[in-house]
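Working notes for the structure below.
The values are calculated or read from the model by the stated rules, or taken from the named source; none is laboratory data. Note that the structure is predicted; figures quoted are calculated from it, not measured. Using ideal geometry, Cβ is built from the backbone for each residue, glycine included, and neighbour counts are taken over all protein chains shown.
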Amino acid sequence: MQKDSKIALAFCGTAIGLLFISVLVRGSTPQTPLQANSGISMENGIQIIDMTAKGGFSPSSITAKAGVPTELRVATNGTYDCSSTLVIPSLSYQKTLKPTGTETITISSEKATGTLNGTCGMGMYKFQIAFK
Ligand SMILES: [Cu+2]
């Protein structure tokens, strides 16, 4: 039990380190910076929330419109850390995503209310969507 959580910690720690390095590397090349709520758009009346999963979830804090049929699109790109396992308790959703790809999670307008919490497989990386 304790050994497991230590391994998980090391796992997450390594992932955070890699993310840090990738941020540093990315900082040297001009690219569109990720901003809060930059991942929200509307497509044919459906609210699309774009998020990436790699060394955690980005953006990890999102404000979206409530009562709107929503799709959460989680993109992985060479994601081998534990954020490739996505857990959203309120949707009874748990899945290990492909290392590279996009997973679409449908959130009905009834469910698009309040705060939706998600975590990685070990509950260390978190994200939150506040439907307002
Ligand atoms: Cu984790």
### Query
Which one of these is on the phi < 0 side of the Ramachandran plot and either without any contact (Cβ under 8 Å) to a residue 60 or more places away in the chain or in contact with a His (Cβ under 7 Å, 6 or more places away or on another chain) (or both): Thr100, Thr63?
Thr100
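Could you identify the single residue in Thr29, Thr76, Thr70, Thr106 that is modelled with pLDDT of 95 or more and over 18 Å from Phe131 (Cβ atoms)? Outline the logic, then answer.
Values: Thr29 fails: modelled with pLDDT of 95 or more; Thr70 fails: over 18 Å from Phe131 (Cβ atoms); Thr106 fails: over 18 Å from Phe131 (Cβ atoms).
From the options Thr29, Thr76, Thr70, Thr106, the qualifying one is Thr76.
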### Query
Can you tell me which of Lys95, Lys132 is touching a residue at least 24 places away in the same chain (Cβ under 8 Å) and basic (Lys, Arg)?
Lys132
### Query
Which of the residues that make up the range 89-132 are assigned to a strand (DSSP E or B), within 16 Å of the ligand (Cβ to nearest atom) and within 14 Å of Thr52 (Cβ to Cβ)?
Gly118, Cys120, Phe127
